[in-house]
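J.: Before I ask anything, here is the structure I am working with.
The values are calculated or read from the model by the stated rules, or taken from the named source; none is laboratory data. No experiment lies behind these values; they were computed from the predicted model shown. Note that we place each Cβ from the backbone using ideal geometry, even for glycine, and neighbour counts take in every protein chain shown. Heads up: the accessible areas ignore ligands, DNA and RNA and are worked out on the full protein's heavy atoms, side chains in. Shrake-Rupley method; radii C 1.70, N 1.55, O 1.52, S 1.80 Å.
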Amino acid sequence: MTSELDIFVGNTTLIDEDVYRLWLDGYSVSDAVSLRVRSGILEQTGATAAVLQSDTMDHYRTFHMLERLLHAPPKLLHQLIFQIPPSRQALLIERYYAFDEAFVREVLGKKLSKGTKKDLDDISTKTGITLKSCRRQFDNFKRVFKVVEEMRGSLVDNIQQHFLLSDRLARDYAAIVFFANNRFETGKKKLQYLSFGDFAFCAELMIQNWTLGAVDSQVADMDVDLDKEFLQDLKELKMLVADKDLLDLHKSLVCTALRGKLGVFSEMEANFKNLSRGLVNVAAKLTHNKDVRDLFVDLVEKFVEPCRSDHWPLNDVRLFLNQYSASVHSLDGFRHQALWDRYMGTLRGCLLRLYHD
Amino acid sequence: MPGKLKVKIVAGRHLPVMDRASDLTDAFVEVKFGNTTFKTDVYLKSLNPQWNSEWFKFEVDDEDLQDEPLQITVLDHDTYSANDAIGKVYIDIDPLLYSEAATVISGWFPIYDTIHGIRGEINVVVKVDLFNDLNRFRQSSCGVKFFCTTSIPKCYRAVIIHGFVEELVVNEDPEYQWIDRIRTPRASNEARQRLISLMSGELQRKIGLKVLEMRGNAVVGYLQCFDLEGESGLVVRAIGTACTLDKLSSPAAFLPACNSPSKEMKEIPFNEDPNPNTHSSGPSTPLKNQTYSFSPSKSYSRQSSSSDTDLSLTPKTGMGSGSAGKEGGPFKALLRQQTQSALEQREFPFFTLTAFPPGFLVHVGGVVSARSVKLLDRIHNPDEPETRDAWWAEIRQEIKSHAKALGCHAVVGYSESTSICEEVCILSASGTAAVLNPRFLQDGTVEGCLEQRLEENLPVGCGFCHIPYDELNMPFPAHLTYCYNCRKQKVPDVLFTTVDLPTDATVIGKGCLIQARLCRLKKKAQAEANATAISNLLPFMEYEVHTQLMNKLKLKGMNALFGLRIQITVGENMLMGLASATGVYLAALPTPGGIQIAGKTPNDGSYEQHISHMQKKINDTIAKNKELYEINPPEISEEIIGSPIPEPRQRSRLLRSQSESSDEVTELDLSHGKKDAFVLEIDDTDAMEDVHSLLTDVPPPSGFYSCNTEIMPGINNWTSEIQMFTSVRVIRLSSLNLTNQALNKNFNDLCENLLKSLYFKLRSMIPCCLCHVNFTVSLPEDELIQVTVTAVAITFDKNQALQTTKTHVEKSLQRASTDNEELLQFPLELCSDSLPSHPFPPAKEHLESASSNSGIPAAQRATSVDYSSFADRCSSWIELIKLKAQTIRRGSIKTTVTVEKASPMGEGNFRNRSAPPCANSTVGVVKMTPLSFIPGAKITKYLGIINMFFIRETTSLREEGGVSGFLHAFIAEVFAMVRAHVAALGGNAVVSYIMKQCVFMENPNKNQAQCLINVSGDAVVFVRESELEVVSTQQPTANCQPSCTGGEVTT
């Protein structure tokens, strides 16, 4: 006796959250069944393994049918085939678009192309996330990217509107899209200590201040592309380190203000010129795409690592950066105050976030 | 030209991509009705076209309006080649043809293609302008309402129940026409869908004509079926019960708060009781006015007033000791004559209802069924389907004579079915023989005094158990005892029925689903040899099914079956029998004895030991089941009452005078005895297997109950969460050495596993009950068994104590508000217990007796009292049903069996018992349920019948997820299309939903599969009780408009 056909269709579509999780995690039906058995569900319910197998198959089939709709969440809301309560719809969408930290760190900043997709095998092996789950997450990134890439208006709003995600998740996707578009390098070894959250935080600041949308909210790609003009202008900041007088003056202003307030004052004083050169050179280099990609590598190399090797406490870093950016306003010979603020305001936020072990 | 049909195509959405190059579609729509077709403009390059068409107007006969479906086809325009069809929508415009139903059909319909399934949606608006004289053309029957519900629909009352209507139409099946060889599968499927739609319309119109002839205005319990006879044609047949229904005007009035005298006047003119004498003649005359003054405060005023009347007169029986009982005899006889004369005018006194207006059913004689094996031949002249008509007439005649043998003149809970395999067809019909109250059958011609006095003699809660036939001339041997409730009339030891449990029946404990399952191998044979083989097997199957049911019933410690439905399915090489019913313990019937096992081999120590071991296991199971289903011996109640149990001698003396009407039961042609089910003889391995299989039925996990009736006996506090589902399983039998035993085991496992899966899937709803569990078996191929289950899971409130306090509060509120009601409550409750010569002075005591009467243990008394008193006051459904054991005719092809369905609970009851309904009105949700009601809600409007037929076919089975994926998607699509149609009618639920057919065929080698599904139900508007209450508190005296309330919900 073999079961040829075995289905259950409810007027309200039954969604089992546990099975949904297993499905999203990419487990095969048989793996999911054994995982469920291990969870002790048979003992709790008095069911048999055969019942569990049939139930799992059924849920998997339902999810498979729903998947097509999940690719365009507004469709899920308007479709008539599956009657699902709104709260469940939200859960289905949110969980489908949720991603693993380990996975996102692997692909963050990479081009969402076929080439990357081929690497998913390695990522799967490396992270222990099933290949199926990797594919889903990758395809989600790519799908969101494709849809919002050329759209006007706020990136987060667009994502929310087209994928009905929660605010938090929409922000994460905005960061992913932003990173993918600008191809920021995040995979270098020295960046490994950074979490997705760190990058997402930086991305949000950069989107707010460094993109086209920060100046004009009516442009296509406004939140996705960096403001090219702004990047060009950043070259002007170079005089802060190229002009020796200016550099000395800047240093003395900062040192005067911070004397006695910094635990690592002497280290700061000794390193000021190096640090300042680093930060300003990063700005000046941003005209080249390649240097844009290496932004985070540079920041870590030129600022985070030197400070860390001198054991600066986070608070000292904050005091220093505040003073460092504010003191520029007192430099009479420097005319690009607004530019400096647009650059340094964001950079300060990013550096503080990036500065940890 | 009596009607103008107007159609507007508004927009489409989610259309499929038809042009690969542009990833877009150039869609336009063809609207076709009859032979007229209109087209919209082509909306270029869009998947969400906005046609916003003009109104397309069709001027048509109302005959066509009834027969034809509106056909909407969405196409993709192609300049160079033929336009590609995207899909179709068929809209049945029948609901627009009667005044009270929907006025407009407007909404999003899934665009359906028989090959691709649902492909986007289309927004359509449909209206009908009907001209004045609807009945000028005699061929049309516009205005006759159809209901699938097998009881009087909730917001109507029955003025007259006219009786049986049936019709069948036949045609050639397009699938088997020569042209099918050259047309595409899509064209063939669409031809079939369209033909069946046309035939359904025609059938409905013809039935409507019959109803008009009978001067009725509605068909209740309408059941339409298709017989796919293959080469020999396509039969569409329908049966139903013609009624004259009256709409209850103020649905909101059923709230106690809306107690306005003005309404009262509105409702009274149509007093259903044709005899004012009824009220004035009894000793309880003063009650009459009270009855009227209070009843209008309920929406069921008329029904409750009539039942009140019945009840209020009953105390005479109780208090007048035996005298009334004695008088009862002659009057009973008179009633019979009366009923007989009313019914004999009819060819077939059959009723498809399973639940009845109060007082309708006087006696029920037992279950009758007939089967007949026929060889199909080609239907030569579709316009004269005489052969098929004759077949059914023959079977109905047989049913009628069986009923007569049981001393009954009518058959209720009647249904018909077929099972077809190749050219052999088994026709089956079954129902419950009954004696009916003539009052509902004719227009006020009954003599009042007769009726009134008869009503006096109906003991409440046990009357339906009393035998209607003469005990000296019984149609079959049965153990008779005096009724454990009233002690006056005789009852059988076991009762099998096809109807619902009457709401006033006194049940002890809870009920449970009981199934008998059976397979029998049969040699493959052709034509007549095959038919003969089947005919010879049938009686044995019936017998075994019956024995199995009986044994399982005993094992559960119960004594009655309701909703019995026996299905015999024929396949190439086997016959399958599946009987489902809901077992209960009726307080009026004797306690069932245990099961004794008797071994046949003497002097074998180990064997004896084995037997005694089995016996012990059986006894343990019975004890366990009694505990599980809370079946407590009824003795307790008698002690509490303190009334003496009449000595057997006393009782017999008292009752002897009653054994009168022997002349009533005329020919008793069913004299075959049945084997006593109490003793199981283990004389061979087969019997051993049987006993084992008895013990393998696992009870549902805790927190779960199941039944195949509308509601679960013993559970009353439903909450509002419902989940309707369909589950299908197909197993392939290994063809090697198939024996009956192996087959039985496979089949048994299949059903048990299916149930287990359901319990597991629905575990989040615990505590809950699977209601109206409906199994259908088919044998699509040699080694395949297909089981389809449709049921609804309803949650209930485990915490009855909470309910009690709640009801108490409610009750005291009501008391405070209406003094009249309080006064009235008394006599009503009094009459519900039939204790002889026991005056009931204070309220307390009488409450106590009421509870004890219903056999509920002392701890739960308070609860039950509340329920019963509420039931008495509010219930519109007090049914008196009598049921009897079943008869089997051996040695003939046709066999007599009992079957039935569950009854809806009184609305009043369920209102009071339901938990606070959840207030969130989920927008756009359409509920579906096989029941006739929605827990925690009130149906305010019936929008019309839904009757849909779909075919789905695929040539890429693997790509669609195999057979499971294919069927899963199709059933989900069918649900979606039903919901969309209901929503377009302005409704928010389908009640009495049934999947009548699910024919699945596969050919995995060719990567193909095809499935046909036929579903039906009643589209309704319901309002949550919580919302009703809100409305009523806001405007306590205003007459709440049902339409506005409904509108709020459906928006």
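J.: Within segment A:323-357, take every residue that is more than 21 Å from the chain's Cα centre (by Cα) and under 17 Å from A:Asn271 (Cβ atoms) and give me the one that is most open to solvent (accessible area, probe 1.4 Å).
T.: Looking at the filtered set, the residue picked out is A:Gln323.
J.: Across segment B:1-59, what is the total count of residues that are among the charged types (D, E, K, R), within 14 Å of chain A (Cβ to nearest Cβ) and either within 40 Å of the chain's Cα centre (by Cα) or in a strand (DSSP E or B) (or both)?
T.: Residues meeting the conditions: 1.
J.: Are there any pairs, at least 6 apart or on different chains, whose C-beta atoms fall under 6 Å, with the first in segment A:167-190 and over 17 Å from A:Phe145 (Cα atoms) and the second assigned to a helix (DSSP H, G or I) and basic (Lys, Arg), and if so, which?
T.: Once the first residue is over 17 Å from A:Phe145 (Cα atoms) and sits in segment A:167-190, its partners that are assigned to a helix (DSSP H, G or I) and basic (Lys, Arg) give A:Glu185/A:Arg293.
J.: Do you know which residues across segment A:6-27 are outside any helix (DSSP H, G or I) and more than 14 Å from chain B (Cβ to nearest Cβ)?
T.: A:Asp25, A:Gly26, A:Tyr27
J.: Can you name every residue in segment B:711-747 that is closer than 26 Å to B:Ala505 by Cα, open to solvent by 10 Å² or more (accessible area, probe 1.4 Å) and away from chain A (no Cβ under 11 Å)?
T.: Hits for segment B:711-747 are B:Ile711, B:Gly714, B:Asn716, B:Thr719, B:Ser720.
J.: Right, here's the next one. Tell me, which residue of segment B:1000-1022 that is within 13 Å of chain A (Cβ to nearest Cβ) and either closer than 23 Å to B:Lys938 by Cα or of a type in the set (A, V, I, L, M, F, W, C) (or both) is nearest to the chain's Cα centre (by Cα)?
T.: Residue satisfying both the conditions and the ranking: B:Gly1017.
J.: Which of the residues spanning segment B:947-988 are open to solvent by 10 Å² or more (accessible area, probe 1.4 Å) and among the β-branched types (Val, Ile, Thr)?
T.: Within segment B:947-988, B:Thr955, B:Val963 qualify.
J.: Looking at (1) under 18 Å from B:Asn123 (Cα atoms); (2) touching a Ser or Thr at 6+ places or on another chain (Cβ under 9 Å), find the lone condition where B:Leu5 falls short.
T.: For B:Leu5, the exception is condition (2).
J.: If you scan segment B:507-541, which residues turn out to be assigned to a helix (DSSP H, G or I) and charged (D, E, K, R)?
T.: B:Glu528 - this is the single residue of segment B:507-541 that is assigned to a helix (DSSP H, G or I) and charged (D, E, K, R).
J.: Tell me the residue from A:Ser3, A:Ser30, A:Ser34, A:Ser54 that is among the polar types (S, T, N, Q), crowded, with 21+ Cβ neighbours inside 10 Å and either within 11 Å of chain B (Cβ to nearest Cβ) or part of a helix (DSSP H, G or I) (or both), please.
T.: A:Ser54 is the lone residue from the list that is among the polar types (S, T, N, Q), crowded, with 21+ Cβ neighbours inside 10 Å and either within 11 Å of chain B (Cβ to nearest Cβ) or part of a helix (DSSP H, G or I) (or both).
J.: Condition first: modelled with pLDDT of 90 or more and loosely packed, with under 15 Cβ neighbours inside 10 Å. Now tell me which residues in segment B:45-56 satisfy that.
T.: B:Asn48, B:Gln50, B:Asn52, B:Glu54, B:Trp55
J.: Those residues that are open to solvent by 10 Å² or more (accessible area, probe 1.4 Å) and in contact (Cβ under 8 Å) with a residue 40 or more places away in the chain, I need them from segment A:298-311; list them, please.
T.: Listed by number, the residues that qualify are A:Glu301, A:Glu305, A:Arg308, A:Asp310, A:His311.
J.: Tell me, which strands (runs of 3 or more DSSP E) lie completely within segment B:920-1024 with 2 or more residues that are more than 29 Å from B:Val126 (Cβ to Cβ)?
T.: B:989-1003, B:1008-1024
J.: Another question about this same structure. Any chance segment B:524-545 includes a residue that's touching a His at 6+ places or on another chain (Cβ under 9 Å), within 27 Å of B:Leu750 (Cβ to Cβ) and surrounded by 23 or more Cβ atoms within 10 Å (Cβ to Cβ)?
T.: no
For every residue, the table says whether it meets (1) free of Cβ contacts under 8 Å to residues at least 24 places away in the same chain; (2) within 14 Å of B:Arg119 (Cα to Cα); (3) surrounded by 21 or more Cβ atoms within 10 Å (Cβ to Cβ); (4) not small (Gly, Ala, Ser).
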| site | (1), (2), (3), (4) |
| --- | --- |
| B:Pro2 | no, no, yes, yes |
| B:Lys6 | no, no, no, yes |
| B:Ile9 | no, no, yes, yes |
| B:Pro16 | no, yes, no, yes |
| B:Asp19 | no, no, no, yes |
| B:Ser22 | yes, no, no, no |
| B:Thr25 | no, yes, yes, yes |
| B:Val31 | no, no, yes, yes |
| B:Gly34 | no, no, no, no |
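J.: Name the single residue that is nearest to the other protein chains (Cβ to nearest Cβ) among those in segment B:771-786 being under 14 Å from B:Cys519 (Cβ atoms) and outside any strand (DSSP E or B).
T.: This residue is B:Glu783.
J.: Kindly provide the set of residues from segment B:70-89 that are under 32 Å from the mean Cα position of the chain (by Cα) and surrounded by fewer than 20 Cβ atoms within 10 Å (Cβ to Cβ), ordered by number.
T.: Selection gives B:Gln71 alone.
J.: Output the residue which, of all residues in segment A:62-80 that are part of a helix (DSSP H, G or I) and open to solvent by less than 30 Å² (accessible area, probe 1.4 Å), is nearest to the other protein chains (Cβ to nearest Cβ).
T.: Per the stated criteria, the residue is A:Thr62.
J.: What residue, among those in segment B:954-977 that are touching a Lys or Arg at 6+ places or on another chain (Cβ under 8 Å) and touching a residue at least 60 places away in the same chain (Cβ under 8 Å), is farthest from the other protein chains (Cβ to nearest Cβ)?
T.: B:Thr955
J.: Please state which one of A:Gln83, A:Gln89 is at the interface with chain B (Cβ under 8 Å from one of its Cβ atoms) and open to solvent by less than 50 Å² (accessible area, probe 1.4 Å).
T.: One residue alone meets the criteria, A:Gln83.
J.: A:Ala203: touching a helix residue (DSSP H, G or I) at 6+ places or on another chain (Cβ under 7 Å) and surrounded by fewer than 22 Cβ atoms within 10 Å (Cβ to Cβ), yes or no?
T.: When the stated conditions are applied, A:Ala203 does not pass them.
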